[in-house]
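FYI, it's all coordinate maths here, none of it is from the lab. What you see is a predicted model, and the numbers here were worked out from it, not measured in a lab. Because the Cβ atoms are built from the backbone with ideal geometry, glycine has one as well, and the counts that use them run over all protein chains shown.
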Amino acid sequence: MIHASLVCRGCFGTLYAVTTICAPAARLPTWEVDHDHTPTSCPLRPLLPLQGVAAHVYELPEATRVLSEPA
Ligand SMILES: [Zn+2]
């Protein structure tokens, strides 16, 4: 499942987010968020790809640092 329209706070580039369910028993999806295209320079590059288990992409630990607020 791919979620569009996420924007990087560091470089204002487009981010993609993919969710996967690792185990049938897993209640929450595993997220992976990264730049659509690797930016030449982005201050948040060390934080990406952002990965973690959460109900929503904005609930990932570093989400507020990486993601712009939804429009
Ligand atoms: Zn960026």
Taking one equal scatterer on every alpha-carbon of the chain, how large is log10 of I(q)/I(0) by Debye at q = 0.20 1/Å? -0.76
Percent relative contact order of the chain, based on C-alpha pairs within less than 8 angstrom and at least six residues apart? 30 percent
Per the chain: cysteines with no other Cys C-beta under 4.7 angstrom? Cys8, Cys22
Report the local net charge at Thr14: Lys and Arg +1, Asp and Glu -1, summed over other residues whose C-beta lies under 13 Å from its C-beta. -1
What ranking do 11-18, 39-46 get when scored by the average of other Cβ atoms within 10 Å per residue, highest first? 11-18, 39-46
